[in-house]
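Right, one structure below, let's go through it.
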Amino acid sequence: DQSPTIRPVVWRAPNYQPQLLPGPASGYDQGAAADVSDDGRIIVGNFVVSGTQKFALWRDGVLDTNMLQFNGLFRAISRDGVPIGAFSVGGSVRWTPQRGFESLGGFYAASASQGAQQVVGFVSDIGLRAVYWDSCGSIVLDAPNNTSELYAVSNDGRIAAGTARRGVYAIRWKRERGFLDGLEDL
């Protein structure tokens, strides 16, 4: 059997039976769905074709084959359908049909607000450090022992959550009055 061991699937109401999402026309090593928009119409993930990761995007269950020409992967999607991920050569990106791929910088993007106007994640240059990105650029957030990661951001981009000290405790950052107000231990 030459079929991939990991394949992208979707579960839809009312029967919730897994349905395979379409793959590339030629064979692929594996594929995965990573996230879905709020309305369920857009799903993002990746395929591995001949050992190389390729971006994957499905609209209404149909694979956008144009994405397969780009090496990388989508990790998440904003609630309104703007995917974020990374090129294989590094650096986080967001993608829209109007602007294509836009570089967000050299951090691991994990979650996006409405329209991916704010993106959170982490960088691993000196320990793990939380990163908050918006149109002004990225901000590395201070946390105890330089070990923090952000994995979620609110729809308006004002609150981000994650872990500090490698999962020892949960954290929340709040943005008010135009700047980041700091770490809150949950």
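The values are calculated or read from the model by the stated rules, or taken from the named source; none is laboratory data. Predicted model, so just to flag it, every value in this text is computed and none were measured. We place every Cβ from the backbone using ideal geometry, glycine too, and count neighbours over all the protein chains shown. Side chains are part of the model used for accessible areas, which takes the heavy atoms of the whole protein and leaves out ligands, DNA and RNA. Shrake-Rupley method; radii C 1.70, N 1.55, O 1.52, S 1.80 Å.
See the values below:
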item: Hey, D142 more than 24 Å from G45 (Cβ to Cβ), charged (D, E, K, R), open to solvent by 70 Å² or more (accessible area, probe 1.4 Å) and modelled with pLDDT of 90 or more or not; result: no
item: Every residue from region 70-94 that is open to solvent by less than 30 Å² (accessible area, probe 1.4 Å) and of a type in the set (F, W, Y); result: F74
item: Region 58-69, residues that are among the aliphatic types (A, V, I, L, M), within 10 Å of L21 (Cα to Cα) and open to solvent by less than 90 Å² (accessible area, probe 1.4 Å); result: L63
item: Residue list for region 89-102, filter: polar (S, T, N, Q) and more than 14 Å from the chain's Cα centre (by Cα); result: Q98
item: Odd one out for L73, checked against (1) of a type outside the set (F, W, Y); (2) within 15 Å of S111 (Cα to Cα); (3) under 14 Å from the mean Cα position of the chain (by Cα); (4) not in a strand (DSSP E or B); result: (4)
item: S37, sole failed condition from (1) in contact (Cβ under 8 Å) with a residue 40 or more places away in the chain; (2) closer than 20 Å to G85 by Cβ; (3) of a type outside the set (V, I, T); (4) open to solvent by 40 Å² or more (accessible area, probe 1.4 Å); result: (4)
item: Pair list, Cβ under 9 Å, 6 or more apart: region 67-96 residue of a type in the set (S, T, Y), other residue part of a loop (DSSP other than H, G, I, E, B) and open to solvent by 50 Å² or more (accessible area, probe 1.4 Å); result: S78/D38; S78/Q117; S78/N155; S88/F70; S92/G106
item: Residue within region 143-163 that is under 16 Å from G90 (Cβ atoms) and under 17 Å from the mean Cα position of the chain (by Cα) present; result: no
item: Looking only at region 114-134, and only at residues there that are under 14 Å from L150 (Cα atoms) and of a type in the set (S, T, N, Q), the one that is modelled with the highest pLDDT; result: Q118
item: Test result for A110, open to solvent by less than 40 Å² (accessible area, probe 1.4 Å) and either of a type in the set (A, V, I, L, M) or modelled with pLDDT of 90 or more (or both); result: yes
item: Check on G85, touching a Leu at 6+ places or on another chain (Cβ under 9 Å) and either under 26 Å from D156 (Cβ atoms) or in a helix (DSSP H, G or I) (or both); result: yes
